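A short reminder: the numbers here are calculations on the coordinates, not readings from a lab. The structure displayed is predicted, hence computed values, not measured ones. Don't worry about glycine lacking a Cβ; one is built from the backbone with ideal geometry, like all the others, and counts go over all protein chains shown.
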Amino acid sequence: MTRLRSAASRAARPSGALRAVIAVAASLAVAGCAAGRIAQSTPASSGQSFVQGDYSSAYFSPGSRPKAPAVVGRTLGGGRLSLAADRGNVVVLNFWGSWCAPCRREAPALAALAAHFKSAPVRFVGDDVHDSSTAAVAFERTYSVGYPSLNDPGEQVALAFHGTVPPVAIPTTLLIDSSGHIAGRVVGEISYRGLLSLIDKVLARPR
Amino acid sequence: MTQDLAGRAAGDGAAVDGDRAAVTGEGVAADGGSVAADGVSGAADGVSGAADGSSGAADGGRSRPAGSRLGVLGWLRWGWRQLTSMRTALVLLFLLALASIPGSVLPQQGIDPAAVTQYYAAHPALAPFLARLSGFDVFGSPWFAAIYLLLFTSLAGCVLPRTFRLARSAGQPPPAAPRYLGRLPQAAGFATTLAPDQALESAAALLRRRRFRVRKGAGWVSAEKGYLHETGNLLFHVALLGLLVSVALGGLFGYKGNRLLVEGDTFANTPVGLDVFRPGRLVTAGSLQPFSITLKKFSARYITSGDQRGQPAKFAAWLRYNSRYGGPMRSYDLQVNHPLNVDGVQVFLIGHGYAPVFKVTDGTGAVRFDQPVPFIPVEQSGLTSAGVVKVPDAHPRQLGFAGVFLPTEIDVGGRLASAFPAAEYPRVSLVSYAGNLGVNSGQPQSVYSLDTSHMRRLAVSPRPLAPGQSITLPNGLGKLTFTGYRRWVSLAITYDPGQLPALVSAVAALCGLILSFLVRRRRMFVRAAPAGSDRDGAASEMTAVAVGGLTRSDAAGGFAAEFAELATEIMREVRGEAAADSHQPGGASTGDSHEAPPLAGDLTQAAGAKGE
C-alpha cells in the first residue's frame, strides 16, 4: 500500500531518468523552442502507480481505537489551534498540500461535507504539509475551504501521529471520535459518500 | 560413489580432495589391506568421511533412481540429496546472478516509477507482457524468491548436517592405525634399540606435546590434529547462510527514502515527508524512525583558478535534528561520505542545487505564490538548473513557468549558459504559460514537469531576470518576480538492519575460508614391532618403527615437510630415550653406531605406497 505512495501523492522528485528528461527539456527551453510539452512523467499509463491502488479506508470500532496525540499548532490564518479543544466533537483531520493533485480533486467534496455537518458535533481541520502558506491560502480561497488548517511545512503533525494511525500518503484523512481516539482513516482521495458514511458511523458510536 | 561423496561435501575445495582420497582409498583396498583401506577412507573425511562413505555406498544404487522400485520416500530422499548437493547450490547461485540481470536492465517500479512509465509508452506491446512476468519488480517476483529460497534451503540442508557431524567427530578419538603404514602417502621408518612399547610411548608423548589428539593401541599409536580445518569450512558455510539471512532482513525490514530539503525547511521521516519512499516488504509507516531534520544552511566552496576551476572543494550542510516529535534538538555538520546516523538510520548528502524564490501575483492583484522552487542541475560544471513554477490558484488563469537558473550567467553566441557553479551572477530565464495545469483533475504530476498541453505560451521574452526583477504577463494575467535564491540539498535516507549482520557474515566467511585453507587436518600413525620378525634375526633386540602420515586437504601444501620434520623428531625422541635407557654416552648418535641395516641408518622416507 505504502509502496505506491510516492508516485500517487507527489510524483517523484528527482530521479535519474527524470533528470535526463529535465535536461532535455532545459536545453529546449534555453534554445527557446519549448513550445510543446516540457516533460511528461506523470505516472499514469503503467496502471501500477495509481491513486486507486493507494486508496484504503479503515474503521476502528470502540475499544480498538488508538488515542490521538495532543496536537497544538498555528493555523494558516495565524491563529492557535488545539485538537484537544475539539474534544466532544468528532474531528475530521485532513492532511493535504496545495501542490497535491488528488487533494485538489477531493477539496470540493470535503468543503461540501463540512457544510453538511455544520450543525452536527463534527469539526473539520486540515493539516497543510510540505507547503508554503501563501500557496496554501490561495488553495483555500480557490475551493472556499471554510475550516481552519494547521500550517505544517515540516510534517510535524504527521510525525505526532507516529505510533498511532499515521498518515501514509497525501492526502490522508483521519477521524477522531469525541473522546479523542482515532476511529477511522482514509488513505488517498476521499469520496463524498464514503467519508459521509464513515462520519455517520463514528457519530453513531462516538466512543 | 565419488559422485555422492562430492555431493555431500558441498561447497568447497575439500570436496575435491575428498574425492581424491576416496579414490585412493579404493585403490588401497583393492591392493589388499582392509585396515589400510579403512584408514585411508577414514582419513578422507575423518568420522564424517566414514559417514559419507557409508551413505554414499548406501545410495550407490539409488543415485540412479530405478523407476517404480524407489517409492515416494525414496524419491523424496533422492530429491533432497540433489537439492543439497554442491552442484545444485552452485547452479542456484549462478541462477540468482542471472535472475538479477533483468533487474538492472529493465526499469524497476520500486526504484524509478517514472522510467517504468516511459517504458510503457515506448513499448506498449511488450511492457504488459513483461509486467506479467514481474519484469518491473524483479526482486519482488515469485521466481526470484523461489531461487533465493531454494538456495537458502540447499545451503541449510548442506551445512546443518555437517555441523552436527563435526560436533560429533570433535568428541571422537582418531581411528586405529592402518596395518601397512608404508602404503600411506607419507611414510618413513627407522630402527631403535628401545622396546616397541617404550618407543611408542615416547612417540605418543612427543605427539601430545605437539598438541595432537593421541590414541594408543596394541603396537600402534594414532594421532590427529587440525580440527580447525573443518571448523573453518563450516564457518564459511554458516556465514554464507548468515549473509542470505542478512540480505533478507534488509529486504523485509529496511527502507530507503529521498528528500530534497531547502535551506530553512524541515522534514519529518514519515512517508508523508519523503519525496521517494521504498519500504521493505514488512515496513509500515509506523516502523519509520520518527526523526526530523532542519537544514539551517548549505555551503559549497569551489576551486576558483587553475585547471580545476569550478570543481567542488567542500560541501557542508548544517543540520538541526531530533530523534522524535518534540525531542531535544541537536546539531550536525553533514558532509559527503560523512552521514548522519539517527537511531540506526543513515542520512547521506547526495546532491545539492539552487532553489530560486518566486513571488507570483495573479490577475486579481493578489499574491498567490511566494516560495523557493528547487531547480534540478542539468550539468555540473556551471550548475545550470532546470525547473518549473506552477501557480494552480492564480486567477483568472492558472499560470505555469518553465526555465533555467544560471548561477553565473554568460552569453555564448546568443545562447545562455552558466560559467561557474557558485552564484556569482545569478539569473533566471523563464518561458511563461497560462491555461490549465491539469492538476485539478486529481491526476498526480511531477513537481518538476509542466504539462503544457492545455496551456498557452505567453508572448513574453524569456530574457534573463536578475534578483528583484519581474516579468509582467500580457492581458493582465499577473506578474512574476524573481526575489532571490536559496540552496537545497538532497538527502538519501537508508535503513538496513541487515547491514551489520551482513558485514559480520562476510568477515566470518572470509575467516572460515582462510582457516580452511591454512589449517589441514592431518593424522600421524606410528607402529613399532621387533625388527627380527622380518629380518634375519641378527638383531633381535632391535625395534622397527614405522611412521605414516595422511592429510585430507592440503590446499596450502607443506604436509610433506611437516611430516618429515615430525618423523625426524619422533626418531630423535625415540633414540634419545633409547640412549638414556641404555646409559650409553653419545645420545642420538648411538643408533648410528650399531651395525645398521638400511632401516637403522638415517630415517628412510618413502612416498606413497612405493615406500621401502
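If you take all C-alpha pairs in region B:169-235, what percent of them are over 13 Å apart?
71 percent
How many angstrom separate the Cα center of region B:205-224 from the Cα center of region B:400-468?
Centre-to-centre distance over Cα atoms comes out at 86 Å.
Express the relative contact order of region A:55-204 as a whole percentage, based on alpha carbon pairs under 8 Å and six or more residues apart in sequence. Walk me through the numbers before you get to the answer.
Values: 278 pairs, mean separation 54.1, N = 150.
Relative contact order, region A:55-204: 36 percent.
Averaged across B:255-264, how many Cβ atoms of other chains sit within 10 Å of each residue's Cβ atom?
Values: counts 1, 0, 1, 5, 2, 2, 1, 0, 0, 1.
Across the residues of B:255-264, the mean count of other-chain Cβ atoms within 10 Å is 1.
Normalised by the empirical 2.2 N^0.38 Å for globular proteins, what value does the Cα Rg of region A:55-204 take?
My calculation over the Cα atoms of region A:55-204 gives 0.93.
What list do you get for A:Thr164, B:Thr270 if you sort them by fewest beta carbons within 10 Å?
A:Thr164, B:Thr270
Give the cross-link partners of B:Lys225 among the lysines, using a straight C-alpha distance below 28 Å as the criterion and excluding same-chain residues fewer than 8 apart.
Excluding near neighbours in sequence, the set is B:Lys216, B:Lys610.
Where does the charge balance sit around A:Ile182 when Lys and Arg score +1, Asp and Glu -1, over other residues with C-beta under 9 Å from its C-beta? Provide the component values of the computation, followed by the final result.
Values: positive: A:Arg65, A:Lys67, A:Arg185; negative: A:Asp177.
Residues near A:Ile182 contribute +2 overall.
Which pairs in the list B:Lys296/B:Lys359; B:Lys297/B:Lys359; A:Lys67/A:Lys118; B:Lys256/B:Lys390; A:Lys118/B:Lys359; B:Lys256/B:Lys479 are over 30 Å apart, alpha-carbon to alpha-carbon?
A:Lys118/B:Lys359; B:Lys256/B:Lys479
Which ³J(HN,Hα) values, rounded to whole Hz and listed in residue order, are derived for region B:520-527 from phi using the Karplus coefficients 6.51, -1.76 and 1.60 in 6.51 cos²θ - 1.76 cosθ + 1.60 with θ = phi - 60°, glycine and proline given as x?
10, 7, 9, 10, 10, 10, 10, 10
Across region B:393-405, in residue order, what do the Karplus-derived ³J(HN,Hα) couplings come to in whole Hz, using 6.51 cos²θ - 1.76 cosθ + 1.60 with θ = phi - 60° and x for Gly and Pro?
9, 7, 10, x, 10, 5, 10, x, 9, 9, x, 10, 10
Please list, ordered by chain and number, the residues whose modelled amide H lies under 5 Å from the amide H of B:Gln186; skip anything fewer than 5 residues away on the same chain.
The list, which skips near neighbours in sequence, is B:Gly549, B:Gly608.
What is the Cα centroid distance between region B:338-377 and region B:226-285, reported in whole angstrom?
Between the Cα centres of region B:338-377 and region B:226-285 lies a distance of 28 Å.
Where the convex hull is taken over the Cα atoms of region B:184-333, what is its projected area averaged over directions, in nm²?
Averaging across all directions leaves 21.9 nm² for the Cα convex hull.
Output needed for region B:255-495: three equivalent-ellipsoid semi-axes, defined as square roots of 5 times the C-alpha gyration tensor eigenvalues, in descending order, whole Å.
Gyration-tensor ellipsoid for region B:255-495: 33, 25, 15 Å.
Please turn the phi angles of region B:324-334 into ³J(HN,Hα) values with the Karplus equation 6.51 cos²θ - 1.76 cosθ + 1.60 (θ = phi - 60°), one per residue in order, whole Hz, x for glycine and proline.
Using θ = phi - 60°, the values come out as 7, 4, x, x, x, 8, 10, 10, 8, 9, 7 Hz.
Sort B:Met571, B:Met524 by Cβ crowding within 10 Å, fewest neighbours at the top.
With the fewest neighbours first, B:Met571, B:Met524 line up as B:Met571, B:Met524.
Cut-off is 10 Å between beta-carbons; in what order do B:His237, A:His116 appear when sorted fewest neighbours first?
Details: B:His237 23, A:His116 13.
By the 10 Å Cβ count, ascending, the order reads A:His116, B:His237.
What are the residues whose amide H is under 5 Å from the amide H of B:Thr408, where those residues sit 5 or more places off or on another chain and H is modelled from the backbone?
Under 5 Å from the amide H of B:Thr408: B:Ala419, B:Phe420, B:Glu424, B:Tyr425.
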